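The values are calculated or read from the model by the stated rules, or taken from the named source; none is laboratory data. What you see is a predicted model, and the numbers here were worked out from it, not measured in a lab. Backbone-built Cβ (ideal geometry, glycine too); neighbour counts: all protein chains shown.
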Amino acid sequence: MTENMKCNEGQYVSLLMPGTERRKIFGLLEKPDFPAATTQASYKLYVCGRPGSGKTWARSRLAGREVCSEVSGEEAVSGIEANVIYWPMKISGKSILFRLELWEAGEWSVRRYDHILPACRDGVNGVLLCFSINDSQGWQELPRLLATSVQPGEKATVIPLATRTSESNGDWEASQADIKALEERCNVTVLRMPPPTACNHASSRPQHSADTLARGGDARSMLSQDGITDEIRAIEPILSAICLKLWQKEQELLMSIK
């Protein structure tokens with residue numbers, strides 16, 4: 001068992017807690033040890049969605065916290081909470097270490113204090129829009145939320161993220177065909193958080209890993225499959241897809257100003 005997460009090129013990035021197979025939780029001012037020659041890319045995301053859509057649950061899992069329940073039981077955010085995620089990828093043969101900041105604001109705090117929302121959105125590169133797949137009103141409002149998630153002057157990409165996907169398709173408010181139609185109509189790719197692998201979900205595997213990056217070309221995670229948990233394998237396609245979307249958006253913006 002190693003304290004580092006091994007990259008396919010033989011490089012090592014210290015992303016696991018020493019002596020464990022769990023991801024290390026980084027603070028805003030912390031960073032892992034990695035080769036100086038590795039390309040770095042930093043992005044800030046604002047995590048939003050309707051109350052009860054699983055924002056805090058999704059953010060916690062993406063940051064490396066393994067949770068048993070899905071969405072239910074999460075505590076309301078007070079003020080602003082932010083997580084830092086480091087994620088290694090290879091895009092078109094280039095090794096990149098991504099640094100993601102995920103910012104979330106409590107609903108009550110946003111309504112009470114005028115500075116909370118601007119602080120979360122300042123310099124944002126992406127909007128992670130969470131919605132519960134079994135919430136009828138949330139699904140109906142999703143097209144409007146997709147259209148209004150980016151404010152004037154922002155050059156952020158919107159990434160819709162579905163939660164409660166472990167429930168049977170019969171409880172979903174949207175069929176696979178409905179989701180596909182939404183993607184085509186709104187020009188987005190809907191990502192789906194996999195069921196929790198902790199506790200009774202230890203054998204779960206993401207069913208969408210094969211097509212999550214299908215539109216991304218030559219892009220893949222640089223994690224080895226040895227000595228990592230089921231949770232890391234489950235989250236890997238989601239984080240990789242988020243990083244790829246942000247990278248592609250940045251390249252588009254760079255090309256537009258040349």
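Where residues in segment 125-151 are β-branched (Val, Ile, Thr) and touching a residue at least 12 places away in the same chain (Cβ under 8 Å), which of them is nearest to SER175 (Cα to Cα)? It would help to see each step written out before you state the result.
Initially, segment 125-151 is screened for residues β-branched (Val, Ile, Thr), giving 127, 133, 148, 150.
If we keep only those that are touching a residue at least 12 places away in the same chain (Cβ under 8 Å) as well, we get 127, 133, 150.
Numbers: VAL127: 24, ILE133: 9, VAL150: 26 Å.
The residue in question is ILE133.
Pull out all pairs, ordered by first then second residue, where Cβ-Cβ is under 7 Å, the residues are six or more apart or on different chains, the first lies in segment 28-43 and is exposed (fewer than 10 other Cβ atoms within 10 Å of the Cβ), and the second is not in a loop (DSSP other than H, G, I, E, B).
If the second residue must be not in a loop (DSSP other than H, G, I, E, B), the pairs left are LEU28/ALA82; LEU28/VAL84.
Among the residues of segment 106-133 satisfying the criterion of being of a type in the set (S, T, N, Q) and within 20 Å of SER60 (Cβ to Cβ), which is nearest to the chain's Cα centre (by Cα)?
Residues of segment 106-133 of a type in the set (S, T, N, Q): 109, 125, 132.
Narrowing further to those that are within 20 Å of SER60 (Cβ to Cβ): 109, 132.
On the way: SER109: 23, SER132: 15 Å.
Applying the filter and picking the extreme gives SER132.
Quick check on segment 2-11. Is at least one of its residues closer than 22 Å to GLY126 by Cβ and modelled with pLDDT under 90? Can you show your working first?
To start, the set of residues in segment 2-11 that are closer than 22 Å to GLY126 by Cβ comprises none.
No, the conditions are met nowhere in segment 2-11.
Take the conditions of a type in the set (S, T, N, Q), within 21 Å of the chain's Cα centre (by Cα), surrounded by fewer than 16 Cβ atoms within 10 Å (Cβ to Cβ) and modelled with pLDDT under 55 and apply them to GLN207. Does it pass? It would help to see each step written out before you state the result.
Details: of a type in the set (S, T, N, Q): yes; within 21 Å of the chain's Cα centre (by Cα): yes; surrounded by fewer than 16 Cβ atoms within 10 Å (Cβ to Cβ): yes; modelled with pLDDT under 55: yes.
Yes: the conditions hold for GLN207.
Across segment 159-190, which residue is nearest to LEU62 (Cα to Cα) among those that are modelled with pLDDT of 80 or more and of a type in the set (S, T, N, Q)?
Going through the qualifying residues, I end up with THR163.
Looking at the structure I just gave you, is SER109 small (Gly, Ala, Ser) and in contact (Cβ under 8 Å) with a residue 60 or more places away in the chain? Talk me through it step by step, then tell me what you get.
Details: small (Gly, Ala, Ser): yes; in contact (Cβ under 8 Å) with a residue 60 or more places away in the chain: no.
No; evaluated as a whole, the condition is false for this residue.
In this structure, does SER42 turn out to be among the small types (Gly, Ala, Ser), in contact with a Cys (Cβ under 6 Å, 6 or more places away or on another chain) and either within 15 Å of LEU161 (Cβ to Cβ) or at pLDDT 90 or above (or both)? Please lay out each step first, then the result.
Numbers: among the small types (Gly, Ala, Ser): yes; in contact with a Cys (Cβ under 6 Å, 6 or more places away or on another chain): no; either within 15 Å of LEU161 (Cβ to Cβ) or at pLDDT 90 or above (or both): yes.
Spelling it out, it is not the case that SER42 is among the small types (Gly, Ala, Ser), in contact with a Cys (Cβ under 6 Å, 6 or more places away or on another chain) and either within 15 Å of LEU161 (Cβ to Cβ) or at pLDDT 90 or above (or both).
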